[in-house]
Every structure is written in C-alpha cells, then in structure tokens.
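The values are calculated or read from the model by the stated rules, or taken from the named source; none is laboratory data. Note that the structure is predicted; figures quoted are calculated from it, not measured. All Cβ positions, even for glycine, are placed from backbone atoms using ideal geometry, and neighbour counts span all protein chains on display. When the accessible area is computed, the model is the full protein with side chains, heavy atoms only, and any ligands, DNA or RNA have been set aside. Shrake-Rupley method; radii C 1.70, N 1.55, O 1.52, S 1.80 Å.
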Amino acid sequence: MNKNYLSIIGLQWGDEGKGKLTDLFSSKACAVVRYQGGNNAGHTIIVDGVKTVLHLIPSGILHPHTLNIISHGVVFDPRAFWQEYERVSLHHEVTPKNLAISLSAPVITSYHRLLDAAREGSSSSESKIGTTGKGIGPTYEDKKILHEKLEKIFGEKKVLFDSLYKIEYPSLEQETEDLFLLGQKIAPFLKDTFTLVDELRQKEENKILFEGAQGVLLDVDYGTYPFVTSSNTAVGGLYTGCMPMGDHEVLGIVKAYTTRVGSGPFPTEYFDERGSYLQQKGGEIGATTGRIRRCGSIDFPLLRYGVKCSRITSLAVTKLDILEGLDEFDVCYAYEYEGKTIETAFPGIDFSKAKPLYKKVKGFQKVSMDDENFVNYLNLFEEMTQTPVAVYTYGPQRDEIVFKKSIFGH
Ligand code: GDP
C-alpha cells in the first residue's frame, strides 16, 4: 500500500468533522487536492480560536508550504470562489503559487444556480432532495467548456425559466460579461492539474492528500438515492475527478453519532429530546446552509456499508466529547429487513422496511483511555467494521485529537 497517498472520506451524510483532520494531515502533505463536489461543501477549521470556513479552497491553504489543487472533478463557481478568495486571503496567503485550479473544471453559471433553486423550489416537500441550490447538479449535467456552451446552455434554460418556472434571469450578454471579468481575475490560478498531480507522483517521498467532501451516503451512485448529491463522494470520485491513485491509505471519518441535513431516510433518527440534546451540544447546524441537522444514534449497518464502498483502511472517530456524561445510549448493530437480520446496508435498500436493532451501551464520563466505557465504545467501531481506528477527536481545536496508530506522517 502506498502510505504517502491519503484520501479522507466522510462515512455518513457529511459534516463528520473532515475539515479539522484534513487541516492536520495537510501539514504533512506537499499537496492537497479537492476532486469532487463544489461549494456545496463546507469545512470549518479552528486554529488558535480563529475560525476559517472553506467551501471550495482545499484545507491545505492554512499551511504556507502546501500546494492546493482544485482538480477537474470539482464543479467551479467563479463567483463563489472569488468571494471565498477575498475572505480567506485576509488571513492566509492565497496566490497562484499555492493554489491551482483545473483548466477543465466545469463552470457554474447563474443559469445553473437559478435552475437548481427553481427545481428545488417547485418540488413538493416530500420530493425535495435538499440540494444547497448552488447549481452543482445542473453544472455536472453541462460539463463543457463555458465559452462554447454558454449560448446553448442559455437557450435550453431560457425556455424552462420563461415557461415552466417563470423566474427572472440575467441576459446572455450580462452573464458573458460577468464571467469574462471574473475569468480574467481567476486566470492566473488555472493550470493543467492532471499533469501537476502526475508530476508530484514522480517523487516517491511526496505526500499527497485527497480531500473528499460530503459523505459516502450522499454519493450519486452509492448513496441513499434520490436524496444524494450530484458527484461521487465515495473513493471512486477520486479516480474520475483527479486520477487513479492505486492502493493507498483511505481514512474514513465517522462521527460518534449520526446526523443528516435535509430530507431522506435516516433509520436511527431520534425524534425526542435525545435528538435536540445532540443537536444543541454538538452544534449541529450546517456550515453552508445554516440548516439544523437531524440527529440520531450511531448506525453500524450504514457504517459497514460506507467502509466497503470506499475501501476504507482506517477510521477516524470524531465528536466523541458530545457523548461525554451520558449514563447509557443506544447503538444500532443490525437491521431487521424482510424477515432477516442484516448487518450491512446495500444499494437500493428500502429504508422504510429496515427496522434498526439496538443494544444499549454504557456511557462514558470522559474521552480518555482511563475510562473503560470509553475504550469499549471505541473498540466497538473496530469490531463492527473490522477496520482499525487510527484517530479520534474530542473537540474542535487542532490539538483535541489522539492518534492511536501512525498514519501519513503523524
Ligand atoms: P465536514 O463537513 O466533515 O468538513 O465537517 P466540519 O469540518 O465542518 O466539522 C463540523 C463541525 O464539527 C465544525 O464546527 C468543527 O469545528 C466541529 N468538530 C470537528 N471535530 C470535533 C470534535 O471532535 N468535537 C467537537 N465538539 N466538535 C468538532
């Protein structure tokens, strides 16, 4: 296995705490690559009490020596990028020396954004997917070079805007002008990032970090369809959105409990005060959307599935501090499904027929190896998934982390 390449993959529905881990590992990396999704993702990194929220720019930007790459699998909103650039560059250096954007990343135009919002707005509440309305889905559909396609994109969307959704939109001239001006500002960052990553691979000692966004259960193919995002969030997205990296370390990030933002099935969801307890103590509010996250207990059938979808080699368990002080809590170890007990979810499973089977575990007072109940809970992740826990975290700060196993130079 090549231990110099590390992918970070969310194992639930996103918001597992990938940002902090990506930030930590990027201190060891010569390059950090975003390869899927767009500015619908949101990482929060807190260093010395200063909070940085990143949507599009890779987390390596907080380390001056790290090259940050946005590869061709990312859908790129130049307006959102420029706003983020202006905000982040107040505190950190962001120049063409430490940030490269793929020449062939598909561009999100106003038309994609408007169409996304109009589609979502016109859906009944049950069929709303819960998209962030940022135009990500419609842009993946129109993956072509902007200047050749803008007129064609506009022609089709214009009919939908005028006749179906009846919404206002910028003229073709206005949109062309806006994107042209932005393009001039962004041009110095544009590179052939495929070759850039390939060149980095030529030196064996180079460590490269691949920063996945969202989580496996939102993957367009492996996720809980139709309540999914429009890209491959499982490790397959790395192969299509950047390049195949062979057998390498894949760190799956899992929160100590489960959360989900937006609609869609959630077998272990709490509908009582246990849900609001986790929501409040865990600060479960979306960084990108400001939406409150639904909360529930850990779901091992889904976790085992996530581990298999992304060939996870190690786990990082996060937000364990949120469970501190509880006397006991439930864990879902299997589902009862069509008369059988199943231990692992699978694509197309009908969650309305999956009954979670719970067992109670004793709570822990402290995230500490001296607390036997804590050790037992952590071990449960390894037993249930047959995957070692390499890291666990117990707070948002950079240093609130324990490495159980050496990984990527840590
Ligand atoms: P991502 O979508 O997976 O990148 O999630 P974020 O990195 O945005 O993390 C979600 C939130 O959890 C952020 O506010 C983090 O500061 C916070 N966080 C991360 N790890 C921990 C932890 O171990 N404990 C606590 N209490 N908060 C954490």
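Screening segment 255-268 for residues that are among the small types (Gly, Ala, Ser) and open to solvent by 10 Å² or more (accessible area, probe 1.4 Å) and picking the one that is nearest to Tyr35 (Cα to Cα) gives Gly262. Under the condition of being more than 21 Å from Gln36 (Cα to Cα) and among the charged types (D, E, K, R), which residue from segment 77-121 is surrounded by the most Cβ atoms within 10 Å (Cβ to Cβ)? Only one residue fits best here, namely Arg119. Within segment 307-326, track down each residue that is more than 17 Å from Lys362 (Cα to Cα) and either open to solvent by less than 10 Å² (accessible area, probe 1.4 Å) or among the hydroxyl-bearing types (Ser, Thr, Tyr) (or both). Ser310, Thr313, Ser314, Leu315, Ala316, Val317, Thr318, listed by residue number.
Quick grid of which residues meet (1) open to solvent by less than 20 Å² (accessible area, probe 1.4 Å); (2) touching a helix residue (DSSP H, G or I) at 6+ places or on another chain (Cβ under 8 Å):
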| site | (1), (2) |
| --- | --- |
| Gly212 | yes, yes |
| Asp219 | yes, yes |
| Tyr222 | no, yes |
| Pro226 | no, no |
| Cys242 | yes, yes |
| Ile253 | yes, yes |
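Evaluated against (1) open to solvent by 20 Å² or more (accessible area, probe 1.4 Å); (2) in contact with a helix residue (DSSP H, G or I) (Cβ under 8 Å, 6 or more places away or on another chain); (3) within 22 Å of Lys185 (Cα to Cα), Ile46 falls short on exactly one condition, (3). Restrict the check to segment 392-399 and report whether at least one residue is in contact with a strand residue (DSSP E or B) (Cβ under 7 Å, 6 or more places away or on another chain), modelled with pLDDT under 95 and part of a loop (DSSP other than H, G, I, E, B). Checking segment 392-399: at least one residue is in contact with a strand residue (DSSP E or B) (Cβ under 7 Å, 6 or more places away or on another chain), modelled with pLDDT under 95 and part of a loop (DSSP other than H, G, I, E, B).
Put simply, of Lys28, Lys3, Lys51 the only residue that is open to solvent by 10 Å² or more (accessible area, probe 1.4 Å) and within 25 Å of Gly262 (Cβ to Cβ) is Lys51. Scanning segment 15-36 for residues that are over 21 Å from Glu284 (Cα atoms) and under 12 Å from the mean Cα position of the chain (by Cα), we see that the one that is nearest to the ligand (Cβ to nearest atom) is Arg34. The set of residues in segment 327-367 being within 19 Å of Val389 (Cβ to Cβ), part of a loop (DSSP other than H, G, I, E, B) and open to solvent by less than 30 Å² (accessible area, probe 1.4 Å) consists of Gly363, Phe364, Val367.
Would you be able to say whether some residue in segment 56-71 is surrounded by fewer than 22 Cβ atoms within 10 Å (Cβ to Cβ) and closer than 21 Å to Arg260 by Cα? Within segment 56-71 (the criterion being surrounded by fewer than 22 Cβ atoms within 10 Å (Cβ to Cβ) and closer than 21 Å to Arg260 by Cα), the answer is no, since none of the residues qualifies. Of the residues making up segment 64-101, those that are closer than 20 Å to Val220 by Cβ and touching a residue at least 40 places away in the same chain (Cβ under 8 Å) number 7.
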